[in-house]
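Step one of this worksheet: look at the structure below.
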Amino acid sequence: MAPTKGGISAAEKYAAEFLKKNPAKIETEDVVTAFRQIKEWPKQSRPNVAPGGVKNPMVDGLVLGLAPNRQGSCAISQGSIACPELTKLVTGWANCTLPDAGFRFCSIQINYNYAAKKHIDSNNLGPSYIMSMGNHHGGKLWTSDRGVIDCKNKWKLFDGNTEHYTQAYTGNERFSVILFTPDAYNKLSTSVFNQAKKLGLTAIATDGIDDAYFSKFRDLGHVDEQQFDDYISKNYLLQNPPRLGSGALTVECNGYAAGRGFGYIAWSNAGTPDADLKYKNNHGSSDKELLERRLENNITIRRFKKNQTGLHVVELELFQDQCLQENDIRFKLVSVERFNLYANTNPESDRWYKWVQNRPHNRIICCCITDTAMAKTRPLPKKVYDALRILGAPPQLTLIGYREPFCFIGWKGAQKSQAVYALDPKKQSKQLLRIDTSIILTENGSLALTAINKSETKLLEKLTEKQQADKEELEQQPPAKKRKT
């Protein structure tokens, strides 16, 4: 990208002169003034965002900071090669005005005077900050998961991996700046790393290790699946068994982005579970031993297959054994269902809603996921949430997003907010969510939840700790003796 007279070279000259003054703080208006020096903006071919699409893919804008290259890493963008001082001006402004001091970024998309059509970003880990500036009205950011965001003259966080677009605006001057991070930000060469650091970029590394902030968003399903499975089977489940006792229920799960998914539902059973519910030992003997140990305490565990989209549901009914102590509540399994809201969103949403409507009074419903409930570009319909409200969910439910773990326990006939749910509203979530509770019968014969405990496990931290512990254990072992030849 060669600087042109009246083009980005004018903004570069302004930025260089401005930074020589060593300003204590760079204001938004300073950046706007720099952008206004550009009378002829560079052209970018962006058919996924251009209002004209493939037929007319050219838009005005440029990328500063890092840009992905063909070697699976990143290089300094042509925009920053041509305008290093303008880059420093923008990064300095961002680093002292962002509301979240912990936010990291290494790529900056600057757009001029166009409304991006509905799209999902490519090569973006997800978390992005946006601000629009200039003389215009409107131009808010619509997002599929968080609604409309007013980003004029203020930084707003959004997820670039969900659908979003720029709403219509009036006026002849709209600049927008998006701060984000591409996938290979931590695989930089030493030369690129040193240049990026001088430019003021913050999400940069050479060792391939994730920044603590972005590790929450990366899809590690295909990378750490074996490590995840070993941890769950040999450590986590044995150390964190389901709740025991009268009316005990446990739901636990995580989404695809950690080990391609995991989830189970456990309950106090009314005797030996049916043969088809006995756990098939596909994940090591530890799980089998755990199941047998739990069954001795009249606990049934239904573990679901990983990488199965949609909503997994267990339907239970109360069983008060006359031989047991009074108020010792157990459950009988009625059915196990899977509603694939991901693959067949509208038909399966209708089927889920009708199924819930047809459940008898006091029928207990437990739900979890083992991949994702929804497709990346298809938000769940209102009927999905209406069905949860029939089961006692609160009127204001947090929307379930793409690959976000979700657990739920409720029953037919519950009053609003009597049910309990857990959700991690981060795309590509690496959290393992869990609900432990017990169902009781009140004096008037209605159901209620007691001793509710919601917890989450930060899987990446736990896996890192285990990896470090294994490494230290290996280092403490005496070296193997060399064989004599």
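The values are calculated or read from the model by the stated rules, or taken from the named source; none is laboratory data. Predicted model, so just to flag it, every value in this text is computed and none were measured. Glycine gets a Cβ as well: all are built from the backbone with ideal geometry, and neighbour counts include every protein chain shown.
Residues of region 105-121 include none that is modelled with pLDDT under 95, in contact with a Ser or Thr (Cβ under 9 Å, 6 or more places away or on another chain) and polar (S, T, N, Q). Reported count of residues in region 85-125, each being over 17 Å from T33 (Cα atoms) and either of a type outside the set (F, W, Y) or assigned to a strand (DSSP E or B) (or both), is 23.
Every residue, every condition in (1) assigned by TED's automatic domain parsing to the domain that holds R434; (2) at pLDDT 85 or above, yes or no:
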| position | (1), (2) |
| --- | --- |
| I209 | no, no |
| A212 | no, no |
| R243 | yes, yes |
| L249 | yes, yes |
| G255 | yes, yes |
| A275 | yes, no |
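Screening region 148-167 for residues that are buried (at least 18 other Cβ atoms within 10 Å of the Cβ) and over 19 Å from the mean Cα position of the chain (by Cα) and picking the one that is nearest to S122 (Cα to Cα) gives T166.
Annotation note: of K21, K39, the sole residue that is without any contact (Cβ under 8 Å) to a residue 40 or more places away in the chain, in a loop (DSSP other than H, G, I, E, B) and either crowded, with 20+ Cβ neighbours inside 10 Å or in contact with a Gly (Cβ under 6 Å, 6 or more places away or on another chain) (or both) is K39.
Within region 189-203, does at least one residue satisfy the condition of being of a type in the set (F, W, Y), outside any loop (DSSP other than H, G, I, E, B) and either surrounded by fewer than 16 Cβ atoms within 10 Å (Cβ to Cβ) or modelled with pLDDT of 70 or more (or both)? Yes, region 189-203 has at least one match. The residues listed here are V32, V63, V49; of these, the one that is touching a Lys or Arg at 6+ places or on another chain (Cβ under 8 Å) and either touching a residue at least 40 places away in the same chain (Cβ under 8 Å) or over 28 Å from S189 (Cα atoms) (or both) is V49.
For region 359-370, residues that are buried (at least 23 other Cβ atoms within 10 Å of the Cβ) and part of a loop (DSSP other than H, G, I, E, B) total 2.
Among the residues making up region 250-266, those that are in a loop (DSSP other than H, G, I, E, B) and either among the hydroxyl-bearing types (S, T, Y) or under 8 Å from T370 (Cα atoms) (or both) are G255, Y256, R260, G261.
Is it the case that N153 is touching a residue at least 40 places away in the same chain (Cβ under 8 Å), of a type outside the set (D, E), out of contact with any Pro (no Cβ under 8 Å at 6 or more places or on another chain) and over 19 Å from N113 (Cβ atoms)? The answer is no for N153. Filtering region 239-258 to residues that are more than 25 Å from L316 (Cβ to Cβ) and more than 23 Å from the chain's Cα centre (by Cα) leaves only Q239.
Among the residues of region 325-357, which ones are assigned to a loop (DSSP other than H, G, I, E, B) and over 33 Å from the mean Cα position of the chain (by Cα)? Of everything in region 325-357, those that are assigned to a loop (DSSP other than H, G, I, E, B) and over 33 Å from the mean Cα position of the chain (by Cα) turn out to be Q325, E326, N327, D328, I329. Across region 168-188, the number of residues qualifying as among the small types (G, A, S) and buried (at least 22 other Cβ atoms within 10 Å of the Cβ) comes to 1.
Only one of the numbered conditions (1) over 28 Å from the mean Cα position of the chain (by Cα); (2) part of a helix (DSSP H, G or I); (3) surrounded by 14 or more Cβ atoms within 10 Å (Cβ to Cβ) is not met by D60, and that is (2). Taken together, the criteria place R104 among residues that are of a type in the set (D, E, K, R) and closer than 24 Å to P68 by Cβ. Only one entry of S128, S132 meets the criterion of being buried (at least 20 other Cβ atoms within 10 Å of the Cβ), within 20 Å of the chain's Cα centre (by Cα) and assigned to a strand (DSSP E or B), and that entry is S128.
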